[in-house]
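As structure tokens, the structure follows; a few thoughts come after it.
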Amino acid sequence: MAIVAAILSAQSFASARESAASYLIQPGDTLSLIATTSGVALDRLISLNSIKNPDLIIAGQTLSLAGATTPQVNDQAAGAQYTVKAGDTLWDIAQANATSLDSLTQLNQLSNVDQLKIGQILRLPATASTLQRAATITTPKPKPTPPRPTAAPAQNPLQQRVADEAQRVGGQNVHFGVAATNLVSGEKLSVHADDAFPSASVMKLPILVELERQIAAGNLSWTESLRAEASAMIGVSDNSAANQIAGAIHPQSVNDTLTRLGLSGTHFVNLFNDARSPSNPGANQTTPSNMARLLELIATDQIVNPQVSGDIRALLARNVDRSKLARLLPPDAQLAHKSGWYEGVANDVGIVSVDRVPARWVIAVFTENLPDGETGNQLVAAISKAIYDAWAP
């Protein structure tokens, strides 16, 4: 899934350019920009697709481009370059230049797509170069994107940046929620933090908390197999291991403990299934604020006792998923976390520590209504980096 979003963007523009048949809407697109790029008049595009509101288009929707005219550009010219700026990611650069992440990586012989240097010169594929010039010459400035229904009024610069990143990466229709607490300064960030989201495998964190509680209470004992299942459940998000543990501790016990902790927005209803999708999401739900609060209790040794809280943190630190919260964090950031995902949903919650400052915070990011998994990964990563920049300067 790592390069799907960039490939879709490049393929969609190529399709419009070569066959003039259809276009797959990408996050951040506007109808006027699509009309200019494809050569179809805006009113013709509206009529062809029976669009009632030109300012509301949905990422993932396919538009008919019957009657498009191919832009006349010199395809022989090549060798265009791009200079990396602060905040750039290779994925952003690929999308902006109508090419794929894979093409940029191979052309520039990049060994790590997540590590770019400010001022670095990147070569652009020939197709991207011609499209870039055509857009520069013929594309008028698009109309400002109307505010998304989910964007709450920003109360501080960090909240504004998080909202901007969500719209930039996820597009107009993404539903996202963020809750974060700076454990040093006490500063809090909350954007749609009490909205309910499909929990996906983030629900394995409350299961781990209840398992540790029952073992501390003497209801269960650690065995070699149980320890292996707990490690697999958190480290690699193993569904079978999680279901085995849930059967041992009983799902209702998880909900009872969450209620006692004041986390009534979280509900463990069904076991885990590898076939989860937007059409089959299951009924497990939580909120960003609930997960941020649970992480705060873990981070401050308030789950049972310091030894139990420390064991939970140690297990979370072994999580191998580096595609979301960890993706854009510099090497000095240490992360203990649990992620969860399926097509259209990407979540990650964790405890971040930066000894250099020193700084420490908890963060919970949830997203849904995404066009694909990679867009969700990029969105969670962008929000995580924005908070790092603000709290560990």
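Could you list all residues from region 295-336 that are part of a strand (DSSP E or B) and surrounded by 18 or more Cβ atoms within 10 Å (Cβ to Cβ)? Those that are part of a strand (DSSP E or B) and surrounded by 18 or more Cβ atoms within 10 Å (Cβ to Cβ): 335, 336. Exactly one residue out of 231, 253 is within 17 Å of residue 284 (Cα to Cα), of a type outside the set (Val, Ile, Thr), touching a residue at least 12 places away in the same chain (Cβ under 8 Å) and open to solvent by 10 Å² or more (accessible area, probe 1.4 Å): that is 253.
Is one or more of the residues making up region 264-279 surrounded by 17 or more Cβ atoms within 10 Å (Cβ to Cβ), farther than 24 Å from residue 302 by Cα and not charged (D, E, K, R)? Can you show your working first?
Narrowing region 264-279 to residues surrounded by 17 or more Cβ atoms within 10 Å (Cβ to Cβ): 265-268, 272, 276.
Next, only the ones that are farther than 24 Å from residue 302 by Cα stay: 272, 276.
Retained after the next criterion (residues that are not charged (D, E, K, R)): 272.
Yes, region 264-279 contains at least one residue that is surrounded by 17 or more Cβ atoms within 10 Å (Cβ to Cβ), farther than 24 Å from residue 302 by Cα and not charged (D, E, K, R).
Which of the residues belonging to region 183-217 are among the basic types (Lys, Arg) and open to solvent by 10 Å² or more (accessible area, probe 1.4 Å)?
Looking only at region 183-217, we keep the residues that are among the basic types (Lys, Arg), and these are 188, 204, 213.
Residues satisfying the conditions are 188, 213.
Residue 203 meets the stated requirement of being modelled with pLDDT of 95 or more, part of a helix (DSSP H, G or I) and within 27 Å of residue 359 (Cα to Cα). Number of residues in region 256-294 that are of a type outside the set (A, V, I, L, M), part of a loop (DSSP other than H, G, I, E, B) and out of contact with any Ser or Thr (no Cβ under 6 Å at 6 or more places or on another chain) equals 13.
Which of (1) farther than 15 Å from residue 162 by Cβ; (2) open to solvent by 10 Å² or more (accessible area, probe 1.4 Å) is the odd one out, the single condition residue 339 does not satisfy? In the conditions (1) farther than 15 Å from residue 162 by Cβ; (2) open to solvent by 10 Å² or more (accessible area, probe 1.4 Å), residue 339 misses (2) alone. When residue 164 is tested against the conditions (1) part of a helix (DSSP H, G or I); (2) surrounded by fewer than 24 Cβ atoms within 10 Å (Cβ to Cβ); (3) at pLDDT 95 or above, the lone failure is (3). Of all residue pairs spaced 6 or more apart or on separate chains, those with beta-carbon atoms under 7 Å, a first member in region 90-111 that is closer than 15 Å to residue 375 by Cα and a second member that is open to solvent by 30 Å² or more (accessible area, probe 1.4 Å) and not in a helix (DSSP H, G or I) are 90/113; 90/116; 93/82; 100/3; 101/3; 101/113.
Residue-by-condition table, conditions (1) among the aromatic types (Phe, Trp, Tyr); (2) more than 23 Å from residue 195 (Cβ to Cβ):
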{"residue": "225", "(1), (2)": "no, yes"}
{"residue": "228", "(1), (2)": "no, yes"}
{"residue": "245", "(1), (2)": "no, yes"}
{"residue": "248", "(1), (2)": "no, yes"}
{"residue": "266", "(1), (2)": "no, no"}
{"residue": "272", "(1), (2)": "yes, no"}
{"residue": "278", "(1), (2)": "no, no"}
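Conditions tested, residue by residue: (1) out of contact with any Phe, Trp or Tyr (no Cβ under 8 Å at 6 or more places or on another chain); (2) small (Gly, Ala, Ser); (3) modelled with pLDDT of 95 or more; (4) at negative phi.
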{"residue": "348", "(1), (2), (3), (4)": "yes, no, yes, yes"}
{"residue": "352", "(1), (2), (3), (4)": "no, no, yes, yes"}
{"residue": "363", "(1), (2), (3), (4)": "yes, no, yes, yes"}
{"residue": "366", "(1), (2), (3), (4)": "no, no, yes, yes"}
{"residue": "369", "(1), (2), (3), (4)": "yes, no, no, no"}
{"residue": "373", "(1), (2), (3), (4)": "no, yes, no, yes"}
{"residue": "379", "(1), (2), (3), (4)": "no, no, yes, yes"}
{"residue": "382", "(1), (2), (3), (4)": "yes, yes, yes, yes"}
{"residue": "393", "(1), (2), (3), (4)": "yes, no, no, yes"}
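Among the candidates 221, 237, the residue that is modelled with pLDDT of 95 or more and open to solvent by 60 Å² or more (accessible area, probe 1.4 Å) is uniquely 221. Counting only helices (runs of 4 or more DSSP H) wholly contained in region 1-67, the ones carrying 3 or more residues that are at pLDDT 70 or above and out of contact with any Phe, Trp or Tyr (no Cβ under 8 Å at 6 or more places or on another chain) occupy 31-38, 42-48. If the condition is being at pLDDT 75 or above, within 24 Å of residue 377 (Cα to Cα) and in a loop (DSSP other than H, G, I, E, B), then region 77-91 contributes 84, 85, 88, 89. Can you work out which of the residues in region 358-393 that are assigned to a loop (DSSP other than H, G, I, E, B) and aliphatic (A, V, I, L, M) is surrounded by the most Cβ atoms within 10 Å (Cβ to Cβ)? Within region 358-393, the match that is surrounded by the most Cβ atoms within 10 Å (Cβ to Cβ) is 370.
Is it the case that some residue within region 342-357 is open to solvent by 10 Å² or more (accessible area, probe 1.4 Å), part of a strand (DSSP E or B) and of a type in the set (S, T, N, Q)? Within region 342-357, one or more residues are open to solvent by 10 Å² or more (accessible area, probe 1.4 Å), part of a strand (DSSP E or B) and of a type in the set (S, T, N, Q).
State which residue pairs qualify: first residue free of Cβ contacts under 8 Å to residues at least 40 places away in the same chain and inside region 322-347, second residue crowded, with 22+ Cβ neighbours inside 10 Å and among the acidic types (Asp, Glu) in any location, beta carbons under 7 Å apart, and separation of 6 or more residues or different chains. Within 7 Å, the pairs are 337/348.
The values are calculated or read from the model by the stated rules, or taken from the named source; none is laboratory data. Computed from a predicted structure; not experimentally measured. With ideal geometry, Cβ positions are generated from the backbone for all residues, glycine too; neighbour counts draw on all protein chains shown. These area figures cover heavy atoms from the full protein model, side chains too; ligands, DNA and RNA do not enter into them. Shrake-Rupley method; radii C 1.70, N 1.55, O 1.52, S 1.80 Å.
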